[in-house]
1. In the range A:38-60, what residues are of a type in the set (Lys, Arg) and more than 7 Å from every other protein chain (Cβ to nearest Cβ)?
2. In the range B:314-332, what residues are in contact with a Gly (Cβ under 8 Å, 6 or more places away or on another chain) and assigned to a loop (DSSP other than H, G, I, E, B)?
3. Yes or no: A:Ala83 of a type in the set (A, V, I, L, M), farther than 30 Å from B:Ser54 by Cα and surrounded by 19 or more Cβ atoms within 10 Å (Cβ to Cβ)?
4. Residue check: is B:Leu351 crowded, with 18+ Cβ neighbours inside 10 Å and touching a Lys or Arg at 6+ places or on another chain (Cβ under 6 Å)?
5. So the check is Cβ under 9 Å with 6+ separation or different chains; which pairs have a first residue in the range B:141-157 that's farther than 15 Å from B:Asp101 by Cα and of a type in the set (D, E, K, R) and a second one that's modelled with pLDDT of 95 or more and part of a loop (DSSP other than H, G, I, E, B)?
6. Give me the strands (runs of 3 or more DSSP E) completely within the range B:210-300, filtered to those with at least 2 residues that are more than 21 Å from the chain's Cα centre (by Cα), hydrophobic (A, V, I, L, M, F, W, C) and surrounded by 15 or more Cβ atoms within 10 Å (Cβ to Cβ), ordered by residue number.
7. Exactly one condition in (1) closer than 29 Å to B:Val260 by Cβ; (2) of a type in the set (S, T, N, Q); (3) in contact with an Asp or Glu (Cβ under 7 Å, 6 or more places away or on another chain) is false for B:Asn139; which is it?
Amino acid sequence: MIHVLLPAHLRTLAQCGSEVELEVSPPVTLRSVLDALESRYPVLRGTIRDHGTLERRAFLRFFVCQEDWSHKPPDKPLPEAVASGAEPFMVVGAIAGG
Amino acid sequence: MSKVRVLVGTHKGAFVLTADGTRNKWDVSGPHFAGWEIYHMKGSPADPNRLYASQTSGWFGQIIQRSSDGGKTWETPGGGLKPPTSEGGMPSGESNKFVYDTSAETGKPLTTHQWYDGTQHPWEFKRVWHLEPSLTDPNTVYAGVEDAALFRTTDGAASWHELAGLRGHGTGPKWQPGAGGLGLHTIILDPSNPQRMFIAISAAGAFRTDDGGKTWQAINQGLRSQYIPDPKAEIGHCVHHMAMHGKRPGVLFMQKHWDVMRSDNAGELWHEVSGNLPTDFGFVIDVHAHEPETIYVVPIKSDSEHFPLEGRLSAYRSRTGGNEWEPLTKGLPQANCYVNVLRDAMAVDSLDSCGVYFGTTGGQVYVSPDAGDNWSPIVENLPAVLSVEVQTLA
């Protein structure tokens, strides 16, 4: 079970709790986790990745095991600690703005 | 007794203000979608309880919200849990999906547009600036977006499709953003002709379709803009807003980046009606609900200051369709007021005594229940107001 942490605005939008649990078939990658997340909560489509290009939105980043995965290839397997559910997959919004 | 419902979009959420026909005592609901920019909210003329809202964020992009009960509850149409609809197994959820048309032959983008430095730049969707519900069908809505394009839904905002004839218009590659972006911010539907629609883009100008959005023509003749190389160019004018009275659909009024303009022939030719205004710069313009020759603007000091002249907030009214203007100040702050009134932040109701409303970047929403003679604040401390619309309810 993958544990996903979302920014507050996206939790409100998806009407989900602070942590989302997802079943993701191996290999567990950035792409497969986000696909599963958007499949569970279609309203999140376009809010994390661009609708057309599937590129990460500029003011969001992905962190796993205290490491920034924002620029890693989307099909690279995530660490076992994330795949096993021991560590969360974090979607983090930039701390900025008014 | 009739009621009014004022839909206020702000920098940090939406608010719904309601009152009876006296417009003295107001109920305030909100913030809805707290923390998000609400560029625009508008109700369907065909079903006043059907509302649409453009919810947007630099972080998370675009969301379209829909209400079927006058703003008490909201949903993201197309964004709920639904079974997979494609071979890929992904459920639908496209209420916020605005994808520009591509060439049917090549699959490549239709065109590029001009960037600030004069080079060509790809079209990039950023947000919905304006939602204009159909006059007859609650499920049909037009959306004006940045980068400038026009989209339409016919299924209550579950899916959106571009009317690409506008962007494919011959001048599209020459359109250039203003400092605030390349936004399509004004959509006016002609109640006497379902095939006719007017739109305006900053900083391209005004355009009209007479065939339901398939083809468009620039309607900027008579505009004069000193800030572009050819002041009388076919396109490139920074139109801030346009307004029309439903019973006089051939008469259009425009607040441009400098100059208040009027056209008596559906935009074929414009002439200036700034007259005795203290400055002809501003953003909003609107028409009295029952008097097609009575129009309103809020003059703003520019360039760059973008606040009222001498710190005195004044609306101006012309009862002659322009040129002769009178200041409307009673009840508005007349000292130390340095707010702005943005392009979609003025509206009128259609009660017997026409109400006029506008919102400010200081978070005030003002109402005049007597066509501008007297003003009072409905609310005074909202986030910066981006848009104001009014519904007159039976």
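The values are calculated or read from the model by the stated rules, or taken from the named source; none is laboratory data. The shown structure was predicted, so the numbers you read here are calculated from the model rather than taken from an experiment. Note that each Cβ is placed from the backbone with ideal geometry, even for glycine, and that neighbours are counted across all protein chains shown.
1. Once the filter is applied, which keeps residues that are of a type in the set (Lys, Arg) and more than 7 Å from every other protein chain (Cβ to nearest Cβ), the range A:38-60 yields A:Arg40, A:Arg49, A:Arg56.
2. Of everything in the range B:314-332, those that are in contact with a Gly (Cβ under 8 Å, 6 or more places away or on another chain) and assigned to a loop (DSSP other than H, G, I, E, B) turn out to be B:Gly322, B:Asn323, B:Glu324, B:Trp325.
3. The answer is yes for A:Ala83.
4. No, not satisfied.
5. Going by the 9 Å Cβ cut-off, the qualifying pairs are B:Asp155/B:Asn139; B:Asp155/B:Thr140.
6. Values: elements: B:239-244, B:252-256, B:260-263, B:282-287, B:295-299.
Because the criterion is at least 2 residues that are more than 21 Å from the chain's Cα centre (by Cα), hydrophobic (A, V, I, L, M, F, W, C) and surrounded by 15 or more Cβ atoms within 10 Å (Cβ to Cβ), no strands (runs of 3 or more DSSP E) in the range B:210-300 meet it.
7. So the condition that B:Asn139 fails would be (1).
Table: residues versus (1) over 30 Å from A:Leu13 (Cβ atoms); (2) not in a loop (DSSP other than H, G, I, E, B); (3) not aliphatic (A, V, I, L, M).
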position: B:Phe125; (1), (2), (3): no, no, yes
position: B:Pro138; (1), (2), (3): no, no, yes
position: B:Gly168; (1), (2), (3): yes, no, yes
position: B:Pro173; (1), (2), (3): yes, yes, yes
